[in-house]
Amino acid sequence: MLEQVLIQYLPLLILLVVTFFTGRIIERRHYKSILKWEEEFSRLRHTSIGRRVNGGAGVTESRLVCGEAVVSVEFFRWFVGLLHSMFGGAMREYESSLDRARREAILRMKQSAAGASAIVNVRIEHTPISYGMSRFSGVEAIAWGTAVYKDTEI
Amino acid sequence: MYISNVESIPGKRVVKHHGMVTGSTVRARFFLVDFGQWVKGIFGGELRGYSKLISDTRQQALDRMTAQAKELGANAVVNVRFSTSTVSLGSSELYAYGTAVEVADA
C-alpha cells in the first residue's frame, strides 16, 4: 500500500527536488549577473521624477528607452506558494522572481541608453503571465523612461 | 519623431497639441517556442523567448502609435505610457498611448 503511494507520487517528488536545486542555482547566477551589471551602470542614474528636466537647459537629445524581462517561477516555488496561499501570510517565494524581473528590466533599459547622462520619469509595470497550464508561472516586467543627453554633467 | 514619457520634450517647446494617439498589438510566439519556454519555466530562470516577444510587441505598438501621430502632422509624442496584459495563454498584449504634439526649438 505504502509502496504504491510512493510510486504514484515519485515523479512529483523528483520534480520538486530537481526544481528546488535548479531554481536556487539559476537564482544565484542571475543575482550575480544583476549585481555585476548594476555596478557597471551605477554612473547612469535613473529617477522616477520627470518635472525637473522640463524645459531643461543644455539638453542635446532625449528619447524614450525601454527594457523588458520575463522571469519564471520554478515548479518548487510554485508548489510551495500553492500551499502557502491556503494558509495565508507573506508569500516570500514569489518575491525573488518579481525582484529579478524588475531589476533586469531596469538594467536592459539602461543598456539601451548608452551615453546618456540620466534617465528620468522611469515607470515600471508588470503583469503575471501564465502559459501551458493555466496557473501563475512567471512575471513580465517592462521599464521605460526618457533618456536625457546633456553636454554637461547634471 | 521625438518620443518621451515626460510632459514635454526636454530642451524643446510645445507649440501645438494634436490629441491622444494610441497603438496596440497582440502577439504570440510559435507553439514550439511556447513549449520550450514552458519546460524552461518549470526549472526556473529567465524566459528569453518571452522577453523577446514583449520587446517585439512593444516596438510594434510604438510604431503604430508614431504612425498615427505622423498622420496628424505631429513631430513628437509626449507622456507615453504602456499598459500590458495577457489576453490568452502564451500571448502578450501591449497598449501604448501618448499625446501627439508639435515641438519647436526653445
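Return the total of residues in the stretch A:1-23 being open to solvent by 100 Å² or more (accessible area, probe 1.4 Å) and part of a helix (DSSP H, G or I).
In the first step, residues of the stretch A:1-23 are kept if they are open to solvent by 100 Å² or more (accessible area, probe 1.4 Å); the result is A:1-4, A:6-9, A:21.
Applying the additional criterion that residues be part of a helix (DSSP H, G or I) yields A:2-4, A:6-9, A:21.
Residues flagged as open to solvent by 100 Å² or more (accessible area, probe 1.4 Å) and part of a helix (DSSP H, G or I) within the stretch A:1-23 amount to 8.
Scanning the stretch A:44-57 turns up at least one residue that is more than 9 Å from chain B (Cβ to nearest Cβ) and either of a type in the set (A, V, I, L, M, F, W, C) or closer than 24 Å to B:K40 by Cα (or both).
Scan A:G81, A:G89 and give me the residue that is touching a helix residue (DSSP H, G or I) at 6+ places or on another chain (Cβ under 7 Å), farther than 23 Å from B:V6 by Cα and more than 7 Å from chain B (Cβ to nearest Cβ). Show your work before the answer.
Numbers: A:G89 fails: touching a helix residue (DSSP H, G or I) at 6+ places or on another chain (Cβ under 7 Å).
The match here is A:G81.
So is B:S55 part of a strand (DSSP E or B) and within 9 Å of chain A (Cβ to nearest Cβ) or not? Here the answer is no, as B:S55 does not meet what is asked.
Scoring B:V87 on the criteria (1) facing chain A (nearest Cβ under 9 Å); (2) modelled with pLDDT under 90; (3) within 18 Å of A:E140 (Cβ to Cβ); (4) surrounded by fewer than 23 Cβ atoms within 10 Å (Cβ to Cβ) leaves a single failure, condition (1). Scanning the stretch B:41-70 for residues that are β-branched (V, I, T) and more than 13 Å from the chain's Cα centre (by Cα) gives a single hit, B:I42.
Listed conditions (1) over 30 Å from A:S96 (Cα atoms); (2) at pLDDT below 90 are all met by B:T22, apart from (2). Of all the numbered requirements in (1) in a helix (DSSP H, G or I); (2) of a type in the set (G, A, S); (3) away from chain B (no Cβ under 12 Å), A:A101 misses one, and that requirement is (3).
Of the residues in the stretch B:12-38, how many are within 9 Å of another protein chain (Cβ to nearest Cβ), assigned to a helix (DSSP H, G or I) and open to solvent by 50 Å² or more (accessible area, probe 1.4 Å)? Reasoning before the result, please.
Our first condition is that a residue be within 9 Å of another protein chain (Cβ to nearest Cβ); within the stretch B:12-38, this holds for B:12-13, B:34-35, B:37-38.
Next, only the ones that are assigned to a helix (DSSP H, G or I) stay: B:34-35, B:37-38.
With open to solvent by 50 Å² or more (accessible area, probe 1.4 Å) added as a condition, the list becomes B:35, B:38.
So the count comes out to 2.
Being without any contact (Cβ under 8 Å) to a residue 12 or more places away in the chain and under 22 Å from A:R103 (Cα atoms) is the filter here, so list the residues in the stretch B:25-51 that pass it. If the condition is that a residue be without any contact (Cβ under 8 Å) to a residue 12 or more places away in the chain and under 22 Å from A:R103 (Cα atoms), then B:K40, B:G41, B:I42, B:F43, B:G44, B:G45, B:E46, B:L47, B:R48, B:S51 are the ones that fit. The residues of the stretch B:58-75 that are more than 26 Å from A:A141 (Cα to Cα) and either within 12 Å of chain A (Cβ to nearest Cβ) or part of a loop (DSSP other than H, G, I, E, B) (or both), listed by number, are B:L72, B:G73, B:A74, B:N75. Kindly indicate whether any position in the stretch A:29-51 is within 18 Å of the chain's Cα centre (by Cα), closer than 22 Å to A:H126 by Cα, open to solvent by less than 50 Å² (accessible area, probe 1.4 Å) and free of Cβ contacts under 8 Å to residues at least 12 places away in the same chain. Within the stretch A:29-51, one or more residues are within 18 Å of the chain's Cα centre (by Cα), closer than 22 Å to A:H126 by Cα, open to solvent by less than 50 Å² (accessible area, probe 1.4 Å) and free of Cβ contacts under 8 Å to residues at least 12 places away in the same chain.
Being within 19 Å of B:L53 (Cα to Cα) and open to solvent by 10 Å² or more (accessible area, probe 1.4 Å) is the filter here; which residues of the stretch A:65-105 pass it?
A:C66, A:E68, A:L98, A:R102, A:R103, A:E104
Listed conditions (1) among the β-branched types (V, I, T); (2) open to solvent by less than 40 Å² (accessible area, probe 1.4 Å); (3) part of a strand (DSSP E or B); (4) at pLDDT below 90 are all met by B:I9, apart from (3).
I'm trying to understand the selection: among the residues of the stretch B:47-82, which are among the small types (G, A, S) and either closer than 22 Å to A:S62 by Cα or open to solvent by 60 Å² or more (accessible area, probe 1.4 Å) (or both)? Give the steps one after another, and end with the answer.
Going through the stretch B:47-82, the residues among the small types (G, A, S) turn out to be B:49, B:51, B:55, B:61, B:67, B:69, B:73-74, B:76.
Once the filter is applied, which keeps residues that are among the small types (G, A, S) and either closer than 22 Å to A:S62 by Cα or open to solvent by 60 Å² or more (accessible area, probe 1.4 Å) (or both), the stretch B:47-82 yields B:S55, B:A61, B:A67, B:A69, B:G73, B:A74, B:A76.
Name every residue in the stretch B:90-106 that is open to solvent by less than 10 Å² (accessible area, probe 1.4 Å) and under 15 Å from the mean Cα position of the chain (by Cα), in order of residue number. If the condition is that a residue be open to solvent by less than 10 Å² (accessible area, probe 1.4 Å) and under 15 Å from the mean Cα position of the chain (by Cα), then B:S92, B:L94, B:A96, B:G98, B:A100 are the ones that fit.
The values are calculated or read from the model by the stated rules, or taken from the named source; none is laboratory data. Quick caveat: nothing in here was measured; it's all calculated off a predicted structure. We place every Cβ from the backbone using ideal geometry, glycine too, and count neighbours over all the protein chains shown. When the accessible area is computed, the model is the full protein with side chains, heavy atoms only, and any ligands, DNA or RNA have been set aside. Shrake-Rupley method; radii C 1.70, N 1.55, O 1.52, S 1.80 Å.
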